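K.L.:
I have a structure I would like to understand better, so I am pasting it below and will then ask my questions one at a time.
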Amino acid sequence: MSSIRFSTFPRTESPANFLRGLVEVFERHEAHLSTRDLPKGLTSDEVLSLLRSDLGELGFQVEAGKRADQKIRRPVFFGENAQPSLQYEVDA
């Protein structure tokens, strides 16, 4: 039985359709991710390496490494001429 717990927001709407598959990915890898059974938690890079393939199959883009061409950037604010004025680097 999985110990994974989650909530979705807003609570007044049904969860998005992709959520079940996403939770299944984490359940599949739970034994390798859970800090309950590991003496030390994993780094974010180690977690991504475990989940990358399965998340990719669901259609997620996942950071492939630390080089600039392997990162995922998402604009947050746009300035003049619709150019991003603030971007975040996201893991997936």
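K.L.:
Which of Val76, Val25, Val62 moves the most in a Gaussian network model of the chain with Cα springs under 10 Å?
P.N.:
Of Val76, Val25, Val62, the most mobile in the Gaussian network model is Val76.
K.L.:
Once amide H atoms are built 1.01 Å from N in the peptide plane, which residues 5 or more positions from Ile72, or in another chain, come under 5 Å H to H?
P.N.:
Result for Ile72 returns Val90.
K.L.:
Here's another thing I want to ask about it. Taking the C-alpha atoms of the stretch 1-67, how large are the radius of gyration and the largest Cα-Cα span, Dmax, in Å?
P.N.:
13.5, 41
Every read-out reported here was derived from the displayed coordinates using simple, explicitly stated rules and does not represent laboratory data. Treat the numbers as computed from the prediction; the structure is a model and nothing was measured.
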